[in-house]
Amino acid sequence: MTDKRRLPDFIIAGAAKSATTWLQNSLQQSPSIRMPDHEPHFFSRRYDEGLEAYLDELGPAPEGVLLGEKSNSYLTQPEAAARIQTHVPDVRLVFQLRDPVARAYSDYCMLLRRGEVDADIARHLDPERAAAGRFLSDGCYGEHLARFYALFPAEQILVLRYEDILRDPQGQVARLASHLGLKGDLAPPLQERVKDAKATAVPRQLRRILAPLRPVLDPIRHTAPIAGLRGLVARQHRYPVFDPKLKAQLSAFFAPQVERLSALSGENFDIWQQPRQ
């Protein structure tokens, strides 16, 4: 049986910082699933390249194997939903969503590690100052999902809660398998985090100094001598405290969005409204 190029059978479309890479990697363990390792972002950022480029990027897949991709930007890029509906109207859509308050903080910490934002947490997360910024706007799930529910039948859309991974990872993957129409069980899901904010990292200043040496160091980064040197300098990143008052402000900001999401999806998100420490 020859492999053929074709458009995806399913798309994992977000949200960022909601363990969608864990979901993707868990799926990729099964021979009945084929996905590129990276995020194509075709319908959001690279649409002008044309479908041929997208087909090449997805790669061929044989009949009987589900072809999918993951691009978190499809959730938040306004044009993505209509573009997906135009080209793959029967596609199965998957949105794994995290408590928007926790998601905003996690996203902020990631960019802080990268040196793209400063340590003034209120500047980036206070709704009165940062409502239009990435950290808050990306968590407006009701607004974002409304675009998809307006264009696709509800049965083509699956909304998963990030928090259920911790409680029942096998059940999370089983729900996805059922949504995709897979016959038989998927491979067991990954048991560890794919990306861990608590992991140690080389200080940013030293990474900048070593950047010109990356072509030489990357191929040997996992050898014992290099790993040993990294262990001497790597440190766990220290993040600004996410105080309860700021969490409460964010909860109030997101409450109408969570209510709208629940009405659209029929899912219960009360877990996101519990008192925060």
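The values are calculated or read from the model by the stated rules, or taken from the named source; none is laboratory data. Note that the structure is predicted; figures quoted are calculated from it, not measured. Cβ coordinates were reconstructed from backbone atoms using ideal geometry, including for glycine residues, and neighbour counts include every protein chain displayed. With ligands, DNA and RNA removed, areas are computed over all heavy atoms of the protein, side chains included. Shrake-Rupley method; radii C 1.70, N 1.55, O 1.52, S 1.80 Å.
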Do we have THR86 as of a type in the set (Ser, Thr, Tyr) and free of Cβ contacts under 8 Å to residues at least 12 places away in the same chain here? yes
Conditions: (1) in contact with a Ser or Thr (Cβ under 6 Å, 6 or more places away or on another chain); (2) touching a residue at least 60 places away in the same chain (Cβ under 8 Å). TYR105 meets all but one. Number of the miss? (1)
Among residues of the stretch 101-129 being among the aliphatic types (A, V, I, L, M) and buried (at least 19 other Cβ atoms within 10 Å of the Cβ), the residue farthest from GLY68 (Cα to Cα) is ILE121
Going through the stretch 54-78 in order, the residues found to be under 16 Å from ALA15 (Cα atoms) and assigned to a loop (DSSP other than H, G, I, E, B) are SER71, ASN72, GLN77, PRO78
Take the stretch 131-149 and flag every residue that is touching a residue at least 24 places away in the same chain (Cβ under 8 Å) and either open to solvent by 30 Å² or more (accessible area, probe 1.4 Å) or in contact with a strand residue (DSSP E or B) (Cβ under 8 Å, 6 or more places away or on another chain) (or both). ALA131, ARG134, SER137, ASP138, TYR141, GLU143, LEU145, ARG147, PHE148, TYR149
Please determine, by comparing only the residues of the stretch 37-53 that are in a helix (DSSP H, G or I) and out of contact with any strand residue (DSSP E or B) (no Cβ under 9 Å at 6 or more places or on another chain), which one is surrounded by the fewest Cβ atoms within 10 Å (Cβ to Cβ). ASP48
Please specify each residue of the stretch 160-193 satisfying the condition of being closer than 28 Å to LEU264 by Cβ and modelled with pLDDT under 65. PRO189
Looking at the stretch 55-100 only, could you name the residues that are farther than 29 Å from PHE269 by Cα, among the small types (Gly, Ala, Ser) and open to solvent by less than 50 Å² (accessible area, probe 1.4 Å)? GLY59, ALA61
